[in-house]
Amino acid sequence: MTCAIMQPTFFPWIGYFDMIDQVDTFIFLDDIQLVKSSWQVRNRIKVNRQEHYINVPVKKTASFDETMINTAVVDPSPVWRNKIVKTLYMNYKKSRYFDDVYSFIETRLFHSYSSLGDLNASMIKAIALAIGMKDNFISSHDLQGITGKKDSLVASLCQAVASKSYLAAPGSAEYIEKETPGGEIVKSGVDLFYHQYDHPAYEQLQEPFIPYLSSIDLLFNHGFEGALQVIRRGRKPPQHYLAYREEHNLDLDTL
């Protein structure tokens, strides 16, 4: 069994969904500190041929050092929600699948959520199921006996769900590979692979094509039925950690 572990992101990019599609279990890492201006509270859509950020505000109930993703309180005001749906309406109303996608997002955005983690995870799960993925989600705060930080934390989470292999985001190599090849993940008996993805071009409303936008953009332009096919076009075989180290010339003296 293979798992992946990612923080629940606000309307994540399409590569995030490719990771979900490749694993047996996807863990939302939500009981860790929320970072200001992170992808957990914002993402990008296309407005007038340029990137434009949409944001979800979080109420200040504690210092950010004490605010976890799964305890961060989303601002209950309808103002920011109305702002987002108005921006989507003005900029995607001519898209091919506007009616279905706009209604889908609007309905869910105005739900009441217990936390930022709940909002993001709920949105991700709803999109994943709507485009044809399986329901394979677990939240880290629901798992017992989890210990450690960084790669030790990942190893503990993998063991908690009995995963034999782990699909990691390439950016995590910076800490996973820091001390030993494959870090604590491989030491714990879990095989390690790095996610490989080449962002595919797809039909957008205006030129030029802008990659790495929120998955919202893909949905408006290709609909729920066509989205998964586009997402899978960017997939490359996962790279084993030893091959990754060799390709990137990683040795312990250079990390």
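For the chain, the longest piece that avoids every one of the chymotrypsin sites (Phe, Trp or Tyr not before Pro) found in DSSP loops with at most 16 other C-beta atoms within 10 Å covers 1-109.
The charge dipole of region 92-180, taken about its Cα centre with unit charges on the Cβ of Lys, Arg, Asp and Glu (plus for the first two, minus for the last two), comes to roughly 200 debye.
Find how much the distance from residue 85 to residue 207 grows on full extension, using 0.36 nm per residue of separation minus their present alpha carbon separation; answer in nm with one decimal.
Numbers: separation 122, 0.36 × 122 = 43.92 nm, distance 2.26 nm.
Once the chain is fully extended between residue 85 and residue 207, it gains 41.7 nm.
Where a ≥ b ≥ c are the square roots of the eigenvalues of the C-alpha gyration tensor, would you call region 1-99 rounded, which needs a/c under 1.5, or, failing that, prolate if a/b is larger than b/c, or oblate? Please list the in-between numbers first.
Details: a/c = 2.43, a/b = 1.17, b/c = 2.08.
Because a/c hits 1.5 or more and a/b fails to exceed b/c, region 1-99 counts as oblate.
Percent of Cα pairs in the chain per distance bin of 10 Å, from zero to the largest separation: 7, 29, 34, 23, 7, 0.
The phi-based Karplus calculation (6.51 cos²θ - 1.76 cosθ + 1.60; θ = phi - 60°) puts the 3J(HN,Hα) values of region 133-138 at 8, 7, 8, 10, 9, 9 Hz, whole numbers, x for Gly and Pro.
Note the full-extension length gain between residue 143 and residue 187 as 0.36 nm times their separation in residues minus their Cα-Cα distance, in nm to one decimal.
Numbers: separation 44, 0.36 × 44 = 15.84 nm, distance 2.11 nm.
Residue separation times 0.36 nm, minus the Cα-Cα distance, leaves 13.7 nm.
Computed over the chain, the per-residue total of -39500 (n - 2.57) for DSSP H runs of n ≥ 4 gives a 222 nm mean residue ellipticity of -11500 deg cm²/dmol, rounded to 500.
If you stretched the chain out fully between residue 50 and residue 198, how much longer would it get, using 0.36 nm times the residue separation minus the C-alpha to C-alpha distance? Walk me through the intermediate numbers first.
On the way: separation 148, 0.36 × 148 = 53.28 nm, distance 2.09 nm.
Length gained between residue 50 and residue 198: 51.2 nm.
For a quick check of your reading of the filter: which trypsin sites (Lys or Arg not before Pro) in region 15-94 sit in a DSSP loop and have no more than 12 other Cβ atoms within 10 Å? Sparse-neighbourhood loop trypsin sites (Lys or Arg not before Pro): 36, 49, 60, 93, 94. Beyond 21 Å between alpha-carbons counts as too far, so tell me which of 149/178; 125/150; 59/83; 36/125; 94/134; 36/60 fall in that bin. Cα-Cα > 21 Å for 125/150; 36/125; 94/134; rest within. Distances between placed amide hydrogens fall under 5 Å for residue 196 paired with 236, 239, all partners being 5 or more residues away or on another chain.
Where a number appears in this text, it was derived from the coordinates with a stated rule and is not lab data. Everything numeric here is computed off the predicted structure, so don't read it as measured data. A quick note on method: Cβ atoms are made from the backbone with ideal geometry, for glycine too, and the neighbour counts reach across all protein chains shown.
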